[in-house]
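The values are calculated or read from the model by the stated rules, or taken from the named source; none is laboratory data. Source: prediction; values computed, not measured. No Cβ is skipped: glycine too gets one built from the backbone with ideal geometry, and neighbour counts run over all protein chains shown.
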Amino acid sequence: MSTLANTSRFGVVLVIAALAACGLDPIHDGAVAAQGKETTGVPIGPFHRAGQPCVVCHEDHGPASNVVFSVAGTIFAGPTGTVGVDGATVQMTDSKGSKFEKATNCVGNFFVKPSEWDPAFPILVRVSKGAAKRSMKTPIGREPSCGNCHVTIINDTNQFGSMAHIYLFAGDDPAGPAKDCPVNPDLGL
Amino acid sequence: MKRGPFVFSILSSAFGAFGAVCLVMACSSSPSTSDKFTVSGPNPGDFSTTVGGVDPVFERHCGSFDCHGNTARALRIYSQNGLRLPNEGGVLPGGAATTPDEVSANYRSIIAVEPEQMNSVVKSSGDPYSLLILKKPLLIETHKGGTVMIKGDDTEKCITGWVKGTVDKNVCTAAAQLP
């Protein structure tokens, strides 16, 4: 009896250890699920899920762990509407003074891989295109996804704890939305 | 294979543990009103948003949404460009300047991290570095947000000076600026 009980206990421990090793994290799983399904007609790739918190999935334990980002987000044109800005420059400076720049693609997405730049948080960020420039008024403490704090929809639930989407211009991009983008750069939100 | 005895063993152990917890809770006494004590925090007058005040230093270094500008944190920092104290006046992130209510909430939040220790340090001119509000950002103790200040920089001097009652407004002004 004692041997049987010990064996069973050992089995339970093994199962728990295996689940832990698999990265069982209901909070993270919930965050991934909250992003919803892919938008119809937008293939998985650099143009998908504009405005969403990229690194929820693109991290070591996320479903897109094959392409990990150290910083990623989306830049939109104006405070109203959600049209991505093509060719905006995102300038970042980390706490050790290391600087890195990345341009947005035609839906406004940008992403930095750790092999390109692995910043020592906190970081400061500035976005520009032509003469238009906007700087974040606070440092980013450790969040690699712009979309975790800058959300496309402000409602009663998040209004005191979230900032609206990142925008560069007072209105539309003077250059207009990208013309040859494989997907619609306007999220229509 | 017979599994009954093992399952019974687990259930009886769990039931026993539950019973023990209930017993402890039943025997616990509620706190007496005489257990209350007043915390002597650093000068609240120096914890303001005026030039040279200490509040903007905490806002600037601790209060971003992804750190302590977040309701998930025990230490919450409200600020103009971060978390806002719930209100009915339409004061939202990025909007109006940090309100007096938010400054007051920030002060209470900082004091409440370790009220007894804060009380001891302030009343007895104790070691400021024994406080979590300095140990964490200096990484003397593990801090998920990493190193936020180093000994001797403006931020550290501002907060240490505030705890000691010797605020240098010029230092705090510099510490509140983005580089």
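Take the residues in the range B:74-94 that are at pLDDT below 95 and more than 10 Å from every other protein chain (Cβ to nearest Cβ); name whichever of them is nearest to B:Arg60 (Cα to Cα). Step by step, filter the range B:74-94, then rank; the result is B:Ala74.
The condition (being free of Cβ contacts under 8 Å to residues at least 60 places away in the same chain, buried (at least 22 other Cβ atoms within 10 Å of the Cβ), of a type in the set (Gly, Ala, Ser) and within 17 Å of A:Thr157 (Cα to Cα)) is satisfied by just one residue among B:Gly69, B:Gly89: B:Gly69.
Consider B:Gly165 carefully, then state whether it is among the small types (Gly, Ala, Ser) and buried (at least 16 other Cβ atoms within 10 Å of the Cβ). Spelling it out, it is not the case that B:Gly165 is among the small types (Gly, Ala, Ser) and buried (at least 16 other Cβ atoms within 10 Å of the Cβ). Inspect the range B:119-134 for any residue being within 14 Å of chain A (Cβ to nearest Cβ) and surrounded by 14 or more Cβ atoms within 10 Å (Cβ to Cβ) and give the result as yes or no. There is no residue in the range B:119-134 that is within 14 Å of chain A (Cβ to nearest Cβ) and surrounded by 14 or more Cβ atoms within 10 Å (Cβ to Cβ).
Restricting attention to the range B:35-73, which residues are assigned to a loop (DSSP other than H, G, I, E, B), away from chain A (no Cβ under 14 Å) and of a type in the set (D, E, K, R)? If the condition is that a residue be assigned to a loop (DSSP other than H, G, I, E, B), away from chain A (no Cβ under 14 Å) and of a type in the set (D, E, K, R), then B:Lys36 is the only one that fits.
Every condition in (1) farther than 20 Å from A:Gly188 by Cα; (2) surrounded by fewer than 15 Cβ atoms within 10 Å (Cβ to Cβ) holds for A:Asp94 except the one numbered (2).
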